[in-house]
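Presented below is the structure to which this report refers.
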Amino acid sequence: MSKVFPKWSNALPLKIVVFVFVFVTTLLAGITYYVTPKYVRVGYEPTQPVPYDHSFHVGELGLDCRYCHDKVDQSDVANIPAADTCMKCHSMIKTDSDLLAPIRESYATGEPVAWKRVHQVPDYVYFSHQAHVTRGVSCVECHGQVNEMEVVSHAEPMSMGWCLDCHRNPEEVLRPVDQVYNLDWVHPGGKQGQIKDGLKFVDERNITPPQSCTGCHR
């Protein structure tokens, strides 16, 4: 057989095994690092059937988050507004706008507008909006500065590690409850003041965020 195959071919099987091992390891490392919520979710900005400018409605007009996303402080889910919520204003304002035609049709027929959800936790994750906002966690902590967004985009990864960072250090995000829906609020004392008051809020509100699996995976 030595006359059929050259001597260097003896090492070929080992080289192939090493190459496959290095290739697979590199591929898995790349997927683990890049195919994460930080890279595949952040920046997601779908085109909606009806354009809704949060920077105008919230930032300029001053609409409270709860006007459209009602019950957010009373239930697990921050609901997507129905057409009749929009029509409370738009039955009098821009009544003939072509952009609002899907809203008027939905209001007349009862068929919901096919909004594209931007933020959605997996089915195997339990998350309560009510539990967070009533204890002093503002909308901006998860959704970013929505009041400055012309088109809403995915601002934070909302990965398990990201959630746990907040659960381990809740004092960094807690604020006065009456400032939860003031999306421009920042602590006047800077980071030092935030931590000081945050620790006080943790104690006063008896906040003990779960860090075990069963806290979110029920």
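For Lys88, the lysines whose Cα falls under 25 Å of its own Cα, not counting residues fewer than eight places away in the same chain, are Lys71, Lys116.
Rounded, prolate or oblate: which fits the range 63-158 when a ≥ b ≥ c are the square roots of the eigenvalues of the alpha-carbon gyration tensor, with rounded for a/c under 1.5 and prolate only if a/b beats b/c? Before the final figure, lay out each step's value.
Values: a/c = 1.92, a/b = 1.84, b/c = 1.04.
Taking the square roots of the gyration eigenvalues as a ≥ b ≥ c, the range 63-158 is prolate.
One chain, two ends: Val4 and Ser212. Fully extended at 0.36 nm per residue, the span grows by 68.6 nm beyond their Cα-Cα distance.
Compared with the dominant Cα axis of the chain, that is its longest principal axis, helix 12-34 is turned about 10°. Between Val113 and Ala83, the built amide H atoms are under 5 Å apart, and every one of these is 5 or more places off in sequence or on another chain.
A probe of 1.4 angstrom, applied to the heavy atoms of all protein chains, finds Cys166 with accessible area near 50 square angstrom. In order along the range 180-193, the Karplus-derived 3J(HN,Hα) couplings, from 6.51 cos²θ - 1.76 cosθ + 1.60 at θ = phi - 60°, round to 4, 9, 8, 6, 9, 5, 9, 5, x, x, x, 5, 5, x Hz, and Gly and Pro are given as x. Compared with the direct C-alpha span, the chain from Leu12 to Gln48 gains 7.4 nm at full extension, assuming 0.36 nm per residue. Restricting the range 131-218 to chymotrypsin sites (Phe, Trp or Tyr not before Pro) that sit in a DSSP loop and have at most 16 other Cβ atoms within 10 Å of their own Cβ leaves Trp185.
For the chain, the relative contact order is 23 percent, taking Cα pairs closer than 8 Å that sit 6 or more residues apart in sequence and dividing their mean separation by the residue count. Restricted to Cα atoms, the chain shows a radius of gyration and a Dmax of 25.1, 92 angstrom. Think of the chain as having a plus end and a minus end, set by charges on the Cβ of Lys, Arg, Asp and Glu; of Thr208, Thr134, Leu14, Leu14 sits farthest toward the positive end of this dipole. By the rule of a C-alpha distance below 17 Å, with chain neighbours fewer than 8 residues away ignored, the aspartates and glutamates paired with Lys196 are Glu171, Glu172, Glu204. Extending 7 Å from the Cα toward the beta-carbon at both Asp70 and Phe21 defines two label points whose distance is 6.4 nm.
Give the residue list of trypsin sites (Lys or Arg not before Pro) in the range 73-180 that are DSSP loop and have at most 16 other beta-carbon atoms within 10 angstrom.
Answer in residue order: Lys94, Lys116, Arg117.
Taking a straight Cα-Cα cut-off under 21 Å and skipping sequence neighbours fewer than 8 places away in the same chain, the lysines within cross-link reach of Lys191 are Lys200.
The values are calculated or read from the model by the stated rules, or taken from the named source; none is laboratory data. If you're wondering where the values come from, they're calculated on a predicted model, not measured in any experiment. All Cβ positions, even for glycine, are placed from backbone atoms using ideal geometry, and neighbour counts span all protein chains on display. Side chains are part of the model used for accessible areas, which takes the heavy atoms of the whole protein and leaves out ligands, DNA and RNA. Shrake-Rupley method; radii C 1.70, N 1.55, O 1.52, S 1.80 Å.
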